[in-house]
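Undergrad: Just dropping this structure here.
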Amino acid sequence: MRFTSERRLDDGVLVRDFTLDEIPGTLWTPGAPEPTGTPGSTRAPGSAEPPAPLPLILMAHNNGLPRHEPRLGARARYSAARGYAVASIDAAGCGDRPRTAAEEQARTELRRALAAGEPVDDIFESFIGPLIEKAAPDWTTALSALLELPEISGPVGYSGWMALGIHLTATDPRITAAGFFAGGYVPHAQRAQAPDVTVPLLLLLQWDDEGNPRERALQLFDTFGTREKTLHANLGGHTGTPWFEVEDGDRFFGRHLKTPPQPTRAATP
C-alpha cells in the first residue's frame, strides 16, 4: 500500500488517498492526540505512548459509485472524528476504475429502461451480479493491507451497499458487524447468501425508495441469519436517509467494535 496524498480537515480528521496494486482508495483517521504538556492533555509530560490502534469500518457506496462521492465522504468523516479508521476503495468496475464495453452497455440499457418504466430486474441481474464478483476480491485485498497498518487493529465493520455487504459479511469472518443500506437491486446469489450473515446487523430502509421495492427489503431482512438485527425505516426516497441515522450508526458500531465483549454467564443449574 502506497499513500499518494494527505490532507488534514478542520476537525482534525486526516484524509489519505492510497493505491494498492491497481486499487485506489481513501483512508480517514481521527485527529492526533493533544501534545503532552498542553492544557487539558491527559498524557503525562514527556509521555511517548502512541495512540491506541483503531477499529476499522469499510464503507462502500451503492452500485459502485466513486469513493469521493460527497455523501460517502461526509459519513466517513463523521465516523473518523469519533474514533474509527474508515476506508473506501474504487473496486474493479466501480468509481473511477475502467469499465468494460459490456458494463457500459448495461448501464445505458438500465437508464433507458428506468426512463421508459420498463421492468429492470433482468438488467440489474446481468449488471450487478458480475460487478460484485469483480469488486469483492479487491475489498478483501484492501482489508488485508489495511489491517497491516500500525494504526489499525480492528475489529472490522462494514457500512453501505447491501448487495456487496452481504457477500463480504457472509464470506469474510474478519467483519464482525454490518450496516446495510437497502437500496438498489440485490442479485439472486447474494439473496441466497443472506442466511450466512450472522453478525450483528443494522438495516436502513427508505420507505418510498423508487429503486428498491420495500417488500423485497423486508423479505430479505427476515432471511438474514443473525439473531441480532435491527431495521430502521424512514419516509422518503433513495437519497433521503436522515442524518440522524448516521449518528445511530455510530452508536451501533460503538457497541460492536469498541465495547469489550462481556463474559458469558454460567448456566443456572
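The numbers here are math on the coordinates, done by the rules we state, and not lab data. Just so it is clear, the structure is predicted and the values come from calculations on it, not from any experiment. Cβ atoms come from the backbone with ideal geometry, glycine included; neighbour counts cover every protein chain shown.
Undergrad: Find the percent of Cα-Cα distances in region 113-185 that exceed 14 Å, and round it to a whole number.
TA: Considering region 113-185, 66 percent of its Cα-Cα pairs are separated by more than 14 Å.
Undergrad: If I stretch the segment between SER144 and THR239 completely, what's the gain in nm (0.36 nm per residue apart, minus their alpha carbon distance), one decimal?
TA: 31.1 nm
Undergrad: Moving on. Which of the DSSP-defined H helices in the chain satisfy a minimum axial length of 20 Å, computed from C-alpha atoms, and a minimum mean Kyte-Doolittle hydropathy of 1.0? Write down the numbers at each step before the final one.
TA: Numbers: long enough: 101-116 (22 Å, -0.61); 121-146 (36 Å, 0.34).
Going by DSSP H runs, there are no hits.
Undergrad: So, one more: What is the magnitude of the charge dipole of the chain about its Cα centre, with +1 placed on the Cβ of each Lys and Arg, -1 on the Cβ of each Asp and Glu, and no other charges, expressed in debye to the nearest 20?
TA: So the magnitude is around 680 debye.
Undergrad: I would also like to ask the following. Quick check: convex hull of the Cα atoms in region 47-150, volume per residue, rounded to a whole Å³?
TA: 117 Å³
Undergrad: Can you tell me the order of 127-133, 252-258, 236-242 when each peptide is scored by its average per-residue count of other Cβ atoms within 10 angstrom, highest first?
TA: 127-133, 252-258, 236-242
Undergrad: Decide, for region 90-238, between rounded, prolate and oblate: order the square roots of the alpha carbon gyration tensor eigenvalues as a ≥ b ≥ c, take rounded if a/c falls under 1.5, and otherwise choose prolate if a/b is larger than b/c, else oblate.
TA: Cα axes put region 90-238 in the oblate bin.
Undergrad: Just grab the label-to-label distance for ASP10 and ARG77, each label 7 Å out from Cα along the Cβ direction, in nm (one decimal).
TA: My value for the distance between the label points is 0.9 nm.
Undergrad: Measure off 7 Å from each Cα along the Cα-to-Cβ vector at GLU69 and ALA113, then give the distance between these two points in nanometres to one decimal.
TA: 1.9 nm
Undergrad: A follow-up question, please. Pick out, from LEU54, ALA101, ILE89, the residue whose Cα sits farthest towards the positive end of the charge dipole of region 51-136, with +1 on the Cβ of Lys and Arg and -1 on the Cβ of Asp and Glu.
TA: LEU54
Undergrad: If you don't mind, another one. Note the full-extension length gain between ARG227 and PHE3 as 0.36 nm times their separation in residues minus their Cα-Cα distance, in nm to one decimal.
TA: Extending this stretch completely gives an extra 76.7 nm.
Undergrad: Suppose only helical runs count, i.e. DSSP H with n ≥ 4. What mean residue ellipticity at 222 nm does that imply for the chain under -39500 (n - 2.57) per run, divided by all residues and rounded to the nearest 500 deg cm²/dmol?
TA: Numbers: 7 runs with 90 residues, N = 269.
That comes out to -10500 deg cm²/dmol.
Undergrad: How big is the chain in terms of Cα radius of gyration and Dmax, in angstroms?
TA: Cα only, the chain: 19.7, 68 Å (Rg, Dmax).
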